[in-house]
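Everything on this sheet refers to the single structure shown next.
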Amino acid sequence: MTGHDWWHNASLRTSAAVGEGWRLFQEIYLPTQYDGGALERIRRTRLVESLERAAHTEHFGPHLKDRAVTHENAEDVLASLPVLDKSILRHTPEAITTGLVKDWDELIVHTSGTTGEPVWITHDETKLTEATASNLRMLEAYGLQPGLRVIRATADLRHAPIEFETLPYFGGAKVLQINVSTLTARDADYVERLCADFKPDILWGQPLEVLLAALRGREGILRIPQLKAVLTHGDSLDANARETIFHAFGCPHYDLYGLQEFGRVGWECPQSPGTYHIDEERVAVSVGEDGQILLSSLTNTAMSLLNYRPGDGGELLREPCPCGRPHVRLTRIDGRKRALIADAEGQLVNIKPLRLILENEPLHRWQVRQEEAGRLEVLIVPLAPEHALRMTERLHAQLAGAMSLKELTVRPVELGELATASGKAPHFRLLATQHALSDAVASGASNW
Ligand SMILES: [Zn+2]
């Protein structure tokens with residue numbers, strides 16, 4: 001776009017994308033809103049272009065060589081391509097890089113991904129512009145307006161008690177971020193006044209963070225004014241949590257489905273709860289015979305993310321939605337469900353600091369277990385068993401520094417010891433799950 005250094009300034013880049021996002025909203029996302037034919041044309045045009053770009057990549061190129069892709073056969077061609085696994089993103093991202101976007105214009109997102117190991121995704125500016133447009137669509141559907149005010153609940157210990165932020169591509173939202181983990185009774189009056197003056201429209205967070213906000217509300221520590229809506233994202237909701245959130249805040253609750261590799265993929269239809277419309281202008285979705293969701297980006301010109309398997313299960317609904325939108329819907333989404341850790345003071349905190357430390361070590365696998373508040377057991381399977389002792393000591397020091405605990409054990413084990421009865425080896429086996437938190441909110445008594 002330009003050779004000026006400021007092009008790599010995140011604030012400038014995001015702001016520049018908003019104008020283009022508004023244009024996209026008016027020219028594409030609004031006309032396709034209730035017009036299935038218009039949606040189909042955009043979708044197919046973009047799919048053909050995506051497949052043409054993918055022909056430039058090492059991974060998809062051989063499958064697309066000498067194949068003429070048309071509006072008519074594009075779906076079939078996409079379905080015939082191999083599934084894109086996370087391991088490609090992790091180990092050989094250059095195999096799906098198109099080479100069509102100059103380094104200067106690339107936006108690189110570093111994500112820990114759902115399985116924890118780091119992944120780099122290369123985007124072009126459509127990551128911001130298309131997100132702006134699709135967010136405007138979603139906000140309109142939820143009766144919200146640009147300039148909305150968002151209370152963001154966080155349970156991450158690395159976050160300050162209170163932070164202010166703006167989200168230009170999310171309708172230019174103003175954000176008051178509250179750390180619901182570290183909030184105490186001493187802060188209650190101050191935070192109440194802050195929230196009252198802020199005049200929030202919505203509360204936003206991961207299901208666990210929103211449940212924790214509800215629990216703080218029950219305890220009288222967090223008093224927020226009546227909201228227009230609660231938005232959750234990031235983890236699959238269990239039915240119990242959904243009900244608890246609805247009752248705790250007394251307003252509509254909408255859940256979003258997305259992943260860092262793609263941004264938001266689907267948003268819950270206000271007229272058809274539990275079903276998530278896909279913004280088919282930018283993402284193609286299918287569900288394999290194994291019930292696994294496959295996603296394809298139709299807009300990223302820098303990297304060909306086609307038939308990507310995020311590891312979530314779901315069902316696709318193609319029948320018309322009562323709301324009249326022609327966009328297909330996902331339902332029964334079965335993705336990750338994280339939990340929180342109860343530290344030495346009984347505070348419930350996000351697992352992310354621990355995850356980042358563990359991901360930095362050469363481990364074959366690891367697992368964090370909590371069976372009692374304040375006590376944590378970390379089991380590790382080092383790649384090089386001869387370094388197990390030194391690694392154990394180093395990890396113990398780092399983990400103990402990241403979180404206040406009464407007791408911390410780090411122990412090298414054999415891989416088999418990490419498996420649950422179902423044969424999986426999850427990274428976290430914790431107490432403070434959505435279910436447990438929902439029960440705590442519902443019973444009115446804080447168990448934590
Ligand atoms: Zn709908």
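The values are calculated or read from the model by the stated rules, or taken from the named source; none is laboratory data. Keep in mind that what you see is a predicted model, and the values were worked out from it rather than measured. So basically every Cβ, Gly included, is an ideal-geometry build from the backbone, and we count neighbours across all protein chains shown. For the accessible areas, the whole protein counts, side chains as well, though only heavy atoms, and no ligand, DNA or RNA atoms are used. Shrake-Rupley method; radii C 1.70, N 1.55, O 1.52, S 1.80 Å.
Just give me the residues in region 181-205 being open to solvent by less than 30 Å² (accessible area, probe 1.4 Å) and within 15 Å of Ile245 (Cα to Cα), in sequence order.
Applying the first criterion (open to solvent by less than 30 Å² (accessible area, probe 1.4 Å)) to region 181-205 yields 181, 183, 188, 191, 195, 198, 200-203, 205.
Listed by number, the residues that qualify are Ile202, Leu203, Gly205.
Every condition in (1) within 13 Å of the ligand (Cβ to nearest atom); (2) under 15 Å from the mean Cα position of the chain (by Cα) holds for Pro322 except the one numbered (2).
Of the candidates Leu294, Leu259, Leu237, Leu231, the single residue that is modelled with pLDDT of 95 or more and out of contact with any Phe, Trp or Tyr (no Cβ under 6 Å at 6 or more places or on another chain) is Leu294.
Residue check: is Ala239 of a type in the set (A, V, I, L, M), surrounded by fewer than 22 Cβ atoms within 10 Å (Cβ to Cβ) and in the same structural domain as Thr132 (by TED's automatic domain parsing)? Reasoning before the result, please.
Working: of a type in the set (A, V, I, L, M): yes; surrounded by fewer than 22 Cβ atoms within 10 Å (Cβ to Cβ): yes; in the same structural domain as Thr132 (by TED's automatic domain parsing): yes.
When the stated conditions are applied, Ala239 passes them.
Please tell me if Leu356 is aliphatic (A, V, I, L, M), open to solvent by less than 50 Å² (accessible area, probe 1.4 Å) and away from the ligand (no atom under 16 Å from the Cβ). No; evaluated as a whole, the condition is false for this residue. For region 1-39, the set of residues classified as open to solvent by less than 70 Å² (accessible area, probe 1.4 Å), of a type in the set (Phe, Trp, Tyr) and either touching a His at 6+ places or on another chain (Cβ under 8 Å) or modelled with pLDDT under 95 (or both) consists of Trp7 only.
Within region 438-446, does at least one residue satisfy the condition of being part of a loop (DSSP other than H, G, I, E, B), closer than 23 Å to Leu157 by Cβ, open to solvent by 40 Å² or more (accessible area, probe 1.4 Å) and modelled with pLDDT under 90? First the steps, then the outcome.
First, pick out the residues of region 438-446 that are part of a loop (DSSP other than H, G, I, E, B): 444-446.
When the remaining residues are screened for being closer than 23 Å to Leu157 by Cβ, the result is 446.
Restricting the remaining residues to those that are open to solvent by 40 Å² or more (accessible area, probe 1.4 Å) gives 446.
Those still in the list that are modelled with pLDDT under 90 too: 446.
Looking through region 438-446, at least one residue is part of a loop (DSSP other than H, G, I, E, B), closer than 23 Å to Leu157 by Cβ, open to solvent by 40 Å² or more (accessible area, probe 1.4 Å) and modelled with pLDDT under 90.
Identify the residue in region 265-282 that is farther than 21 Å from Ala38 by Cβ and surrounded by fewer than 20 Cβ atoms within 10 Å (Cβ to Cβ) and, among all such residues, is nearest to the ligand (Cβ to nearest atom). Per the criteria, the residue is Ser272. State yes or no: is Glu289 within 16 Å of the ligand (Cβ to nearest atom), open to solvent by 10 Å² or more (accessible area, probe 1.4 Å) and either of a type in the set (A, V, I, L, M) or within 30 Å of Asp76 (Cβ to Cβ) (or both)? Taking the combined requirement at face value, the residue does not satisfy it.
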